[in-house]
1. Among residues belonging to region B:32-55 that are within 10 Å of chain A (Cβ to nearest Cβ) and touching a Lys or Arg at 6+ places or on another chain (Cβ under 8 Å), point out the one that is nearest to B:Pro152 (Cα to Cα).
2. Does region A:57-75 contain any residue that is out of contact with any Asp or Glu (no Cβ under 9 Å at 6 or more places or on another chain), under 30 Å from A:Ala225 (Cα atoms) and crowded, with 22+ Cβ neighbours inside 10 Å?
3. Within the group B:Phe147, B:Phe156, which residue is surrounded by 20 or more Cβ atoms within 10 Å (Cβ to Cβ) and either more than 30 Å from B:Val18 (Cβ to Cβ) or modelled with pLDDT under 95 (or both)?
4. Can you name the number of the only condition in (1) over 26 Å from A:Asn21 (Cα atoms); (2) part of a loop (DSSP other than H, G, I, E, B) that B:Gly68 fails?
5. Take region A:101-118 and flag every residue that is touching a His at 6+ places or on another chain (Cβ under 8 Å) and either more than 9 Å from chain B (Cβ to nearest Cβ) or not in a helix (DSSP H, G or I) (or both).
6. Looking at region B:64-77, can you tell me whether even one residue there is within 14 Å of another protein chain (Cβ to nearest Cβ), β-branched (Val, Ile, Thr) and closer than 27 Å to A:Ile12 by Cβ?
7. Looking only at residues that are surrounded by fewer than 24 Cβ atoms within 10 Å (Cβ to Cβ) and among the hydroxyl-bearing types (Ser, Thr, Tyr) in region A:135-144, which one is farthest from the chain's Cα centre (by Cα)?
8. Would you say B:Leu401 is more than 10 Å from chain A (Cβ to nearest Cβ), surrounded by 20 or more Cβ atoms within 10 Å (Cβ to Cβ), within 30 Å of A:Val100 (Cα to Cα) and without any contact (Cβ under 8 Å) to a residue 60 or more places away in the chain?
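The values are calculated or read from the model by the stated rules, or taken from the named source; none is laboratory data. For clarity, every value in this text was computed on a predicted model and none was experimentally measured. Cβ coordinates were reconstructed from backbone atoms using ideal geometry, including for glycine residues, and neighbour counts include every protein chain displayed.
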Number of protein chains: 2
Amino acid sequence: MKAEIIAVGTEILLGEIVNTNAQTVAQLLARLGITAQYQTVVGDNPQRLTEVITTAEQRSQVIFLIGGLGPTPDDLTKQTLATHLQIKLAQDPQAVAKLVAWHQQKQQPMPANNLAQAEYLAGGEPLTNEIGLAVGSYLKTEAHAYFILPGPPREFGPMLRQQVQPRLSQLLGRQQVIVSEMARFFGIGESLMAEQLQDLIATQTNPTLATYLKHFEVGVRITAAAESQAAAEALIAPVLQEVKRRLAPYYVGLGEERTLPEEVLTLLRRRQATVTAAESLTGGAFQALLTGLAGASNVFPGGWVTYANQVKAQLLGIDPQLIATAGVVSAPVAQAMAEQARQLLDTDFALGFTGVAGPDSLEGQPVGTTFIGLAERDRPTQVIECHFAGVRNEIRQRAALSGFKLLYDRLQQ
Amino acid sequence: MKAEIIAVGTEILLGEIVNTNAQTVAQLLARLGITAQYQTVVGDNPQRLTEVITTAEQRSQVIFLIGGLGPTPDDLTKQTLATHLQIKLAQDPQAVAKLVAWHQQKQQPMPANNLAQAEYLAGGEPLTNEIGLAVGSYLKTEAHAYFILPGPPREFGPMLRQQVQPRLSQLLGRQQVIVSEMARFFGIGESLMAEQLQDLIATQTNPTLATYLKHFEVGVRITAAAESQAAAEALIAPVLQEVKRRLAPYYVGLGEERTLPEEVLTLLRRRQATVTAAESLTGGAFQALLTGLAGASNVFPGGWVTYANQVKAQLLGIDPQLIATAGVVSAPVAQAMAEQARQLLDTDFALGFTGVAGPDSLEGQPVGTTFIGLAERDRPTQVIECHFAGVRNEIRQRAALSGFKLLYDRLQQ
C-alpha cells in the first residue's frame, strides 16, 4: 500500500508557512510501515488540484489532502475532490451545531459560507475536529482512500492521531497493533540525549526509538508493533525503563500531549497544595503557563510580577539593602522573593525568579544568568543558579520551565 | 515565467526532516514576482525523479532540484538530470581542489566517489558552495533553466542568495524592483477583512493585496513592482491609505516583523509613560507579552496576577462586597482592578482583566466573556466588554492583546 501527501495552500507556495503537516503525516506513515514516495504542494486552484489528485491516484492508494477547508471562497479542497469523484458533499450535523454555538458565543451572526466548514464527502465519514471548526473527511472508494484534513497544525495533529491512524491500521488489514509511548525530559539537549541513547537508537528494531524536541522538552518516542496492545506494551516496557534510567535527572513524565506545567498542576492537585510566584526576568511567564491550564485556580491564588527593584521592596517587602549588597540577580534575592511571596499569600509553595533575560547584561551578570528560589512551608528554601543560552524569550521560557522542573522534583520527594 | 521546486530526499518522505528549503526558495520567488504553482518531494530514485522532472518541464520554465548531491551512492540528482537531458557531467576544478584540501586536513585518503560532489552539468555553470563540499549546478536550455542545489539549509541558504538570486534576476531580464508594505490590524477576523477589501484584492494587479494571519493580528501585504524603489512606493501609497481608511478602527501599525505589544511599548517610551496590570483570566499573559520585549523595564515596574477573589481583595484592596454584588466577571470589578493597580504603583496607565477563560462558565457568565479596564492618571477609567471565541488559551491571548489595543488607541489620542 502506497500513500502520498498533497498539501493545498497558496501560503505554502508563497513561502509564508512551511509545510510541517507533510512531515507529521510522513512520520505516521513511516511508523505504520506505509510507503510514501511523493509529497506535493499545490495552490487553492481547482484545476491544478484536480490534476495533482489525478496523478496521485495513478501511483498511490491512500491520498492525503491537507488544507483549504476554511470558510473563505478560495478554500476549495473538499469541493474539488467531490467534483472530481462526481459525488456530493453532505453536512455533518455535529459540526454545524459547533459552528452555530461558536458564533453564538461571539454574539455574531454566522455568514452562510461558514457552513462549508461542516461539509464532508457524501458516502464517507466526517472526521471530527476537536480544536477548530472545519470538519475533516474520509472516503474509501474501490481503488483509493482519501483523507481530507484542515491545515492548521494544532487542529491537524490531534485529528491525525485520533481519526486517521485507526483508519490507516484498518486499511492495512493487519492484526498488527502499533503502540507508541513518549517519555519526556527537560533540561537536556536533543543531541546530548541522542548521544546517551545512541546504542539503543542504532540497534533497536522493535521497538524503535526516535527523539523529538517540543516546547523546550525533549521526548523519546518508543514504538512497537505486535499482535496485541499488551504484546506491544511488553516490548516497550524494558526499553522505556532503560531510557528513564539513563536520563533520570531530566525525566518529567509520559505522554505525547502532556507538558511539564501540566505534570506539576496534576501533582499539586493530587496533594491539594497551592503555589504562588514572584517573577522578575520571567515577567509573568511562569504564572501565564500555569494559568494557561484548566484547573489552575485550584492550586494558584495569584502572584506578582516584580520587575523594578522598588516594586520588589514595595509589594514583597524585599529589603532594599539586600538588593544593594547581594545584587538583584543573586541567590539571596531569589530566596527572599520566594519566601516573601509564600508568606504573603500563605501558600504551600512559592517560586522566585530573578535573572538577566537580555539583550543587555545587568549589574555585570551575563545574559542568561538566572536564580530560582523555591520556598516551601516548614522547609528550607532551595535556590538554583542557571545559565541559559538563546535569545530573550528563549531564556525567559527556559527559566519559567526550570521553575516548574524545580517544583516537579520537589513534588516527587 | 513560472518556477517549481523539487526536493529530493528519502529523509523528507520519512518525515525525518521538514522541507524548509522549499519555503526559502518560495520566499525568494515571491519577492521576485515569479509564480510558483507546485512543490514536489520525491525520493532518491532515478526513475521517479525523472518522471517528476518531466512533469515539471511541462508546466514551468525554471526548475529547482534540491538535495541528493552528497558522496553516497544514493545521491543521484545531478546524474539523473544529466541522463534525462542527455548531457554529460563536468568536474569543477575549484571544487575538486576543495575536496582534496579537506581530506588532506583530516589526514584521510579521499574515496573516489567523493569527486561526484565536484560535478556539474556540462555546458552550464557550477554554483560555488562556500560552506559545504557539494557544488551546485546551473543550466539554461532553450526551454528551461535548472538550478541544482545541496540540501543542508546552511549550505543552501547562502547559495540561494549569492548564486541563484542574480541569475533569476537576469532570467527575468528586468530592472524591476519589488517593494512590499504590511499594514497590521487587530480585532477583526481575516475573512471579514477580506470581505471589506474584496474589490481591491480582486481588481488590483500592481500593487497586489494579500491578507495574512499572525499572532492574532491580521495583516494586509501590499506589493508593487516598478522601475525604482520610489516608483514602487508611489504605487503602494494610495492603496495603503485606502486600506487604512476602510479598517481604521482596527489599525495597529506597519511592518511585517512588528507586533501590537511592540507598538504599545514604542508609544509608551515615546511619552515616557508607565503601565501596570492586574490580571485575572489572562493570568500574567499581558505582562508576559510586555516583558517579552527588550526595553519593557522602561515602562513597566511590575504588576499582579490576582486569580482568586480573596487575592483581589488582599493585594489590590478590591472591596469583597463589590465582587459579591457585581460579580467577579463584571465592568465594576475590571474598573476597580485597573484603578487600584494604577494607584498602588503610581503609574500613568493600568489595565485590569477579568473574565471567563473556560473551559467552564463562571457565575453564569459564558466562556469568553471578558471585561478590560483601562485606568489613566487624572482621567476617567474606561471599561470594555468583549466576547471571545476559541479555546482557553486563545481567549486568554485575545484578551491580553485586546488590553494592548485599548491602550494603543488611548495612546493615539
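1. This residue is B:Val42.
2. yes
3. Exactly one of B:Phe147, B:Phe156 is surrounded by 20 or more Cβ atoms within 10 Å (Cβ to Cβ) and either more than 30 Å from B:Val18 (Cβ to Cβ) or modelled with pLDDT under 95 (or both), namely B:Phe156.
4. That leaves (1) as the condition not met.
5. Within region A:101-118, A:Lys106, A:Gln107, A:Pro109, A:Met110 qualify.
6. Yes.
7. Narrowing region A:135-144 to residues surrounded by fewer than 24 Cβ atoms within 10 Å (Cβ to Cβ): A:138-144.
Remaining after also requiring among the hydroxyl-bearing types (Ser, Thr, Tyr): A:138, A:141.
Numbers: A:Tyr138: 25, A:Thr141: 34 Å.
Among residues in region A:135-144 that are surrounded by fewer than 24 Cβ atoms within 10 Å (Cβ to Cβ) and among the hydroxyl-bearing types (Ser, Thr, Tyr), the one farthest from the chain's Cα centre (by Cα) is A:Thr141.
8. Here the answer is no, as B:Leu401 does not meet what is asked.
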